[in-house]
Amino acid sequence: MSKKKKKKNKANKPKKILNGIDLVNEKKLKIKNNINDNIQSFISILFTIIIFLALILLIITLYKNNFSNNNACDKEKVCKEYIKKDYNINKEEVINFIKLNRGIFYNLNDFKNTKNDLNKFITYYIWSLDSEYLECDDDFCLSTKKEILKEDLNKAINNYLGKETKTFEFSDNFKDEDEMRLYQTNDKVILTFKEFSYQSYKHDFIDVLVNEDSIRVILALSELKENNYTYIGYKNIYLKYKDKRFIIDSIETKLN
């Protein structure tokens, strides 16, 4: 038999068939199914491990946040939206603060804690001092004056407004009809007065509203007319509680 014939016979070799089943293809199919089963088993095991680790991490986190004494829940960060911070602000202390500084609060009708309104505060702070009225001794002075050292004024500004001030800006555009003038001479700030009559409104406390570190004081205003006080409006005083002291935020007055 020739080589050519042998190759032909080999190419036409019959497939292995048993009871109508192709044994070669059946074996390949089993191998493929075994591989798929192994891959699925590996993925299932891996997914189970991931879930198990995530569960352990969740348990540790819950323990630290709720049960550990050394790692208690940080109320300000974790529970900020649900827990209101209590500064233990006593309303009587607020009222006493206003009364003790009534020379400022009863005379300031509109004020904002900004650079533009700083001289308003300085004016009524110096006016409210217990120091005596002094005689005038310079060209800018009117009839009498009160004065304060720059160093002491800086401390007052820091204490009441929570600000550091190194320099002051006072207008020197004085007029003959001025009733008050504010100016600086060397290391002193001077408030000078002309002789005039002045009467502030009567202030009655209506309410003190506290919202965390923000405070609103509502006062009714009355004016003396014909020996009787007549209601003319109200005043809102807004304070901030900072470093265990009250800071003036703003003052607004609404008149009828």
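The values are calculated or read from the model by the stated rules, or taken from the named source; none is laboratory data. Worth saying up front: this structure is predicted, and the values here are computed from it rather than measured. In this analysis, Cβ positions are derived from the backbone assuming ideal geometry, glycine residues included, and neighbour counts consider all displayed protein chains. Surface areas here come from the heavy atoms of the whole protein model, side chains and all, with no ligands, DNA or RNA. Shrake-Rupley method; radii C 1.70, N 1.55, O 1.52, S 1.80 Å.
Among residues that are at positive phi and either small (Gly, Ala, Ser) or over 34 Å from the mean Cα position of the chain (by Cα) (or both), Asn173 is not included.
Right, Lys163: part of a loop (DSSP other than H, G, I, E, B), in contact (Cβ under 8 Å) with a residue 40 or more places away in the chain and surrounded by fewer than 17 Cβ atoms within 10 Å (Cβ to Cβ) or not? Yes. Does Asn96 satisfy being open to solvent by 30 Å² or more (accessible area, probe 1.4 Å), assigned to a helix (DSSP H, G or I) and out of contact with any strand residue (DSSP E or B) (no Cβ under 9 Å at 6 or more places or on another chain)? So Asn96 passes the test. For the stretch 220-251, the set of residues classified as under 19 Å from Ile104 (Cβ atoms), of a type in the set (A, V, I, L, M) and without any contact (Cβ under 8 Å) to a residue 40 or more places away in the chain consists of Ala220, Leu221, listed by residue number.
On inspection, Asp152 does not qualify as acidic (Asp, Glu) and either more than 28 Å from Lys99 (Cβ to Cβ) or over 36 Å from the mean Cα position of the chain (by Cα) (or both). Residue-level check: of (1) within 14 Å of Tyr106 (Cα to Cα); (2) in contact (Cβ under 8 Å) with a residue 24 or more places away in the chain; (3) assigned to a strand (DSSP E or B), Asp204 misses just (2).
Please specify each residue of the stretch 154-175 satisfying the condition of being modelled with pLDDT under 90 and over 25 Å from Ile237 (Cα atoms). Within the stretch 154-175, Lys166, Thr167, Ser171, Asp172 meet the criteria. From the list Lys235, Lys240, exactly one residue is in contact with a helix residue (DSSP H, G or I) (Cβ under 9 Å, 6 or more places away or on another chain) and modelled with pLDDT of 95 or more. Which is it? Selected residue: Lys235, the only one of Lys235, Lys240 that is in contact with a helix residue (DSSP H, G or I) (Cβ under 9 Å, 6 or more places away or on another chain) and modelled with pLDDT of 95 or more.
Restricting attention to the stretch 99-122, the residues being within 19 Å of Lys242 (Cβ to Cβ) and either part of a helix (DSSP H, G or I) or touching a residue at least 60 places away in the same chain (Cβ under 8 Å) (or both) number 10.
From the list Tyr234, Tyr241, which residue is crowded, with 16+ Cβ neighbours inside 10 Å, touching a strand residue (DSSP E or B) at 6+ places or on another chain (Cβ under 9 Å) and over 21 Å from Asn158 (Cα atoms)? On inspection, the qualifying residue turns out to be Tyr234.
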